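**Student:** To start, I am sharing the structure in question, which I have written as structure tokens.
The values are calculated or read from the model by the stated rules, or taken from the named source; none is laboratory data. Values in this document were obtained by computation on a predicted structure and should not be read as measured data. Every residue, glycine as well, gets a Cβ built from its backbone with ideal geometry; the counts of neighbours run over all protein chains shown. Surface accessibility is based on the protein's heavy atoms, side chains included, excluding ligands, DNA and RNA. Shrake-Rupley method; radii C 1.70, N 1.55, O 1.52, S 1.80 Å.
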Amino acid sequence: MRLILYVGLRVVAVALMAGALAWYAEWRLDRAAEAKSFTDIGKVPAVDVALVLGTAPIGPEGGPNRYFVYRLDAAAALYKAGKVKYFIVSGTREGRYDEPTAMRAGLIERGVPAEAIYRDFGGDRTFDSIVRARRVYGQTRLVIVSQRFHLSRALFLAVHEGIEAWGFEARDVDQPYSIFTELRRYPSALRAYWDVWNGMKAQEVGKPVAIGVDPPD
């Protein structure tokens, strides 16, 4: 009985320590992003390319995913304000959805020309999207578009990939879809540090693409 109690207490202690560490990692990323993440489009530097980070186009309740919609709204606003000329829409096409194709369609609906949109199908994780923006698409200066909790992680990874990056904050949702949606930012922040510290490599990066020279696929 004592052994069971001892093991149980050790498990609880480890879980609490991991939770505290994940919270601290997310807090540090958020503080570090403050100077380079903007809600005011007038403060966003003008660059050639914006990276729009993917998410599923359909939410868990079956309607449009508000995270997805708000990211595309923010990206289109950048284009209309003359802040960017091209987009990399980065996500995955495994499983139920083809995120980059859905993002391209959404941007076209918002007035962005198809020839300005490059689809990156290798963005299975934020880490992959950032690494591929540098190693496949050759970008060293980027505006990254997503919600603030996601941007803080993306900006941290961009710095360590040698990219000068700024974030343009898409509107956050008023009510998260679930407690999991709200809490997953904490282990994701911890994983961002883990990826950098351990020199994790992205999946096969593929053939280089010259934005503005090579046509979008």
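**Student:** Does Pro100 satisfy being in contact (Cβ under 8 Å) with a residue 12 or more places away in the chain and part of a loop (DSSP other than H, G, I, E, B)? Give the derivation first.
**Tutor:** Values: in contact (Cβ under 8 Å) with a residue 12 or more places away in the chain: yes; part of a loop (DSSP other than H, G, I, E, B): no.
Judged against the criteria, Pro100 is not a match.
**Student:** When residues of segment 77-97 are filtered for being within 27 Å of Arg135 (Cβ to Cβ) and either open to solvent by less than 50 Å² (accessible area, probe 1.4 Å) or part of a loop (DSSP other than H, G, I, E, B) (or both), how many remain?
**Tutor:** As a first pass, look at segment 77-97 and keep what is within 27 Å of Arg135 (Cβ to Cβ): 78-79, 83-95, 97.
Those still in the list that are either open to solvent by less than 50 Å² (accessible area, probe 1.4 Å) or part of a loop (DSSP other than H, G, I, E, B) (or both) too: 78, 83-85, 87-95, 97.
Looking only at that region, the number is 14.
**Student:** With (1) modelled with pLDDT under 95; (2) more than 25 Å from Val159 (Cα to Cα); (3) of a type in the set (Lys, Arg) as the list, and Arg104 as the residue in question, which single condition is left unmet?
**Tutor:** (1) is the only condition that Arg104 fails.
**Student:** Now for a separate question. If you scan segment 128-154, which residues turn out to be hydrophobic (A, V, I, L, M, F, W, C), part of a helix (DSSP H, G or I) and crowded, with 24+ Cβ neighbours inside 10 Å?
**Tutor:** Scanning segment 128-154 gives Ile130, Val131, Ala133, Leu151, Ala154.
**Student:** Just give me the residues in segment 104-141 being among the hydrophobic types (A, V, I, L, M, F, W, C) and over 23 Å from Trp197 (Cβ atoms), in sequence order. Talk me through it step by step, then tell me what you get.
**Tutor:** First, pick out the residues of segment 104-141 that are among the hydrophobic types (A, V, I, L, M, F, W, C): 105, 107-108, 112, 114, 116-117, 121, 127, 130-131, 133, 136.
Once the filter is applied, which keeps residues that are among the hydrophobic types (A, V, I, L, M, F, W, C) and over 23 Å from Trp197 (Cβ atoms), segment 104-141 yields Ala105, Leu107, Ile108, Val112, Ala114, Ala116, Ile117, Phe121, Val136.
**Student:** May I pose another question? Give me a count of the residues in segment 9-63 that are over 20 Å from Ser152 (Cα atoms), open to solvent by 70 Å² or more (accessible area, probe 1.4 Å) and at pLDDT below 60.
**Tutor:** The total comes to 7.
**Student:** Within segment 82-91, is there a residue that is polar (S, T, N, Q) and touching a Ser or Thr at 6+ places or on another chain (Cβ under 6 Å)? Quick ask: steps written out before the conclusion?
**Tutor:** Taking segment 82-91 first, the residues polar (S, T, N, Q) are 90.
From the residues that got through so far, the ones that are touching a Ser or Thr at 6+ places or on another chain (Cβ under 6 Å) too are 90.
Yes, that holds for at least one residue.
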